[in-house]
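Worksheet: the structure to be examined is printed underneath.
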Ligand code: GDP
Ligand code: MG
């Protein structure tokens with residue numbers, strides 16, 4: 001998907017603006033990329049339409065190239081397509097929260113039971129699992145063993161009893177024990193069939209669940225759309241859990257769920273271990289799909305290395321164009337601490353690929369920068385204008401740092417350029433797409 005989209009951006013390189021004509025080719029690439037990623041056709045159609053409307057309807061932001069702006073538009077539409085915000089699990093206000101899991105066989109329902117219990121325990125909730133897969137005795141054993149691993153009680157009543165009856169008794173037991181969250185595992189089939197749906201409906205009636213979560217294997221691809229639609233129509237779901245995102249899925253399922261059902265993906269499973277369950281972040285997923293994940297994680301990492309307040313402070317300064325030499329120093333040091341300059345430079349949008357020689361060059365100029373900034377007075381660091389206006393000051397700094405006046409002038413000019421660049425970059429990436437800075 002990422003490669004297909006890159007081809008779309010490349011067709012906009014060198015264009016002055018976005019027009020109805022010059023987006024035709026890139027839109028075709030985007031459409032193809034989505035279809036190849038197993039997104040279902042109706043979803044692709046609506047998506048492409050939305051992006052085209054945006055692309056020709058929005059004016060260019062100054063300093064942002066058309067291809068960059070296109071990335072941004074596609075990013076935002078992807079985020080929207082996947083539901084925008086993170087959708088939290090809903091908890092019942094009175095009595096236990098009941099989560100009913102549904103889905104085809106082998107998608108990871110039983111595993112999700114344990115993962116969810118593990119996840120919720122960390123949030124300080126007590127949990128109980130109910131073994132509702134009465135078709136395979138092994139399924140009950142599997143859940144019991146998982147329950148022991150997570151240290152949560154498992155309610156089971158064998159296989160000679162209807163799932164709805166198990167649900168009723170299990171819930172009673174959970175109430176008696178004052179459990180916060182009850183998670184019910186159910187049987188899946190290889191295909192959707194009437195018996196499965198009827199059984200689920202009965203269980204749902206019995207439990208009156210807070211959440212009905214459809215567990216979907218991320219590898220499902222195109223069929224995910226039909227699957228989600230049917231389950232939603234038949235039993236009514238409140239959301240989905242996408243599993244096996246660690247495999248080589250093409251991303252189609254993630255993009256279809258919300259659009260076809262109106263229900264969000266709430267959690268994703270990324271592995272077989274208990275801790276491999278996490279909230280679904282539409283913006284991060286979009287970033288990953290666009291291959292802009294690097295840009296996002298660059299900003300995230302940078303702000304991890306700097307302290308959080310520093311990051312917020314920095315963002316404010318960038319926005320108000322008050323970015324000064326202290327910030328410059330702090331940031332370059334943070335970047336240096338992040339290790340490999342190659343990776344960091346590669347992550348900065350617009351910098352493209354770098355050679356080892358360029359990296360050595362960059363590292364050298366970092367050291368020159370540090371020396372020059374250290375030779376500045378506190379006022380000069382906070383007000384770069386002082387240096388811009390006074391050759392005498394620049395001369396003094398040059399002498400104290402052992403660098404040339406030209407090098408000092410260059411650094412001052414660079415700071416002002418950087419103010420402009422960063423402002424543009426922030427403008428381009430705004431809209432909740434940088435979680436680490438915006439929260
Ligand atoms: P169920 O039939 O829906 O209950 O599916 P299970 O919970 O028994 O899982 C079926 C298989 O998928 C098991 O081997 C799990 O270990 C595996 N599995 C479940 N979730 C994930 C996941 O997120 N990633 C990977 N790689 N495997 C998973
Ligand atoms: Mg199972």
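The values are calculated or read from the model by the stated rules, or taken from the named source; none is laboratory data. Predicted model only: the values in this text are computed from it and were never measured. Using ideal geometry, Cβ is built from the backbone for each residue, glycine included, and neighbour counts are taken over all protein chains shown.
Here are the numbers for this structure:
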item	result
Residues (buried (at least 23 other Cβ atoms within 10 Å of the Cβ) and more than 10 Å from ligand 2 (Cβ to nearest atom)) located in the stretch 129-151	129, 130
Yes/no for residue 203 being part of a helix (DSSP H, G or I), within 16 Å of ligand 2 (Cβ to nearest atom), assigned by TED's automatic domain parsing to the domain that holds residue 126 and within 30 Å of residue 124 (Cβ to Cβ)	yes
Residue 206 more than 16 Å from ligand 1 (Cβ to nearest atom) and within 30 Å of the chain's Cα centre (by Cα)	no
Residue in the stretch 105-128 that is on the phi > 0 side of the Ramachandran plot, buried (at least 18 other Cβ atoms within 10 Å of the Cβ) and in a loop (DSSP other than H, G, I, E, B) present	yes
Residue in the stretch 206-218 that is nearest to residue 96 (Cα to Cα), counting only those that are touching a strand residue (DSSP E or B) at 6+ places or on another chain (Cβ under 9 Å) and part of a helix (DSSP H, G or I)	207
Residue within the stretch 165-186 that is more than 16 Å from ligand 1 (Cβ to nearest atom), closer than 22 Å to residue 104 by Cβ and in contact with a strand residue (DSSP E or B) (Cβ under 9 Å, 6 or more places away or on another chain) present	yes
Some residue of the stretch 82-92 being at pLDDT below 85 and in contact with a helix residue (DSSP H, G or I) (Cβ under 9 Å, 6 or more places away or on another chain)	no
Selection status of residue 180, on the phi < 0 side of the Ramachandran plot and under 30 Å from the mean Cα position of the chain (by Cα)	yes
Scope the stretch 158-200; condition within 14 Å of ligand 2 (Cβ to nearest atom) and assigned to a strand (DSSP E or B); matching residues	183, 184, 185, 186
Residues satisfying the stated conditions in the stretch 90-121, i.e. more than 16 Å from ligand 1 (Cβ to nearest atom) and closer than 22 Å to residue 246 by Cα	120
Every residue from the stretch 232-257 that is under 19 Å from residue 100 (Cα atoms) and more than 16 Å from ligand 2 (Cβ to nearest atom)	232, 233, 234, 235, 236, 237, 238, 239, 240, 242, 257
